[in-house]
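A quick write-up on the structure given underneath.
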Amino acid sequence: MAFFEEDPQARQPFLNAPASVLWLIAIFLAAHVARVSLPGDWPDRIVEQYALIPANYALAAAQGWSTGDLLSLGLSFVSYVFLHGDYTHVGVNCLWLLAFGPVVARRLGTVPFLAFFFLCAIAAAGLHLAVYWGSPGAVIGASGGVSGLMGAAMRIAYGRVYGYPGERTPLAPLLSRRIVAFSAVWTIINIVSGIFRFGVTDELTLVAWVAHLGGYFTGLLAIGPLDRRIMRALTHS
């Protein structure tokens, strides 16, 4: 069984992707180029300041939260998305975004799409923080948010099986066979990669498998109520 059946109507040049997706890709690429082009130790200092580092939250909690802590550590829930380890890292995330972002952006519209992406990224960071509380490893990259787009895209793409000609295609049910199967495979892949630390060569670098799963399941669940709200707005407009 193919997990993602090709829709003939979806065969479009990638530059036909919604502007919100292309702008996100451009921002990720520009942010990475700007960071690695900085002189001296500034690239590393940017990561230390704006990455999601669970140890910083544990230290702040132990010392009592200050206003500065709340602002800087709260910012990290979003700023970590714009940081990537190298060109391969940012390139893979951009391709992943290009693969799953357009179907979600077309379904939701620009502003809801961007809000949805960052909701998934924040949820991914929150789950990682809870599981790895106190860890000194830095989490960077857009993969948590893009995992959320993957979850939403699965429900949108497989939803056409449950629709009828002429109507807005419904979302695939959460417990439908295709969604359950894809979610199981995605979960196993991430757990295995986390346990065996594929591609990791040092002790401080983490495979952000928990963040991937947090983003994915947030997207899988959150697309339902958001889509229904947009549908009600369209019905009453």
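The values are calculated or read from the model by the stated rules, or taken from the named source; none is laboratory data. Computed from a prediction, not measured in an experiment: that's the story for all the values here. Reconstructed Cβ throughout: ideal geometry from the backbone, glycine too, with neighbour counts over all protein chains shown. Surface areas here come from the heavy atoms of the whole protein model, side chains and all, with no ligands, DNA or RNA. Shrake-Rupley method; radii C 1.70, N 1.55, O 1.52, S 1.80 Å.
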- Positive-pole candidate from L98, A19, M150, dipole of segment 1-152, charges at beta carbon: A19
- Using a 1.4 Å probe, what is the accessible area per residue for the chain, in Å²? 52
- Karplus 3J(HN,Hα) series, Hz, for segment 168-184 with 6.51 cos²θ - 1.76 cosθ + 1.60 (x for Gly, Pro): 5, 4, x, 7, 5, x, 4, 9, 5, 4, 5, 5, 4, 5, 4, 5, 5
- Query: Dividing the convex hull volume of the Cα atoms of segment 58-126 by its residue count, what figure in Å³ per residue is obtained?
  - Reply: 102
- Task: Rounded to the nearest 500, what is the 222 nm mean residue ellipticity of the chain from helices alone, with -39500 (n - 2.57) per DSSP H run of 4+ residues and division by all residues?
- Result: -22500 deg cm²/dmol
- For 108-118, 92-102, ranked highest to lowest by mean beta-carbon neighbours within 10 Å, the order is 92-102, 108-118
- Kirkwood Rh for segment 39-172 from C-alpha pairs, in Å, is 16.5
- Portion, in percent, of the accessible area of segment 34-112 that falls on carbon or sulfur, probe 1.4 Å: 64
- Message: Using a 10 angstrom Cβ neighbour count of at most 16 plus a DSSP loop assignment to flag exposed trypsin sites (Lys or Arg not before Pro), which longest range of the chain is free of such sites?
- Response: 12-167
- Message: With every atom except the alpha carbons ignored, what do you get for Rg and Dmax of the chain, in angstroms?
- Response: 18.7, 60
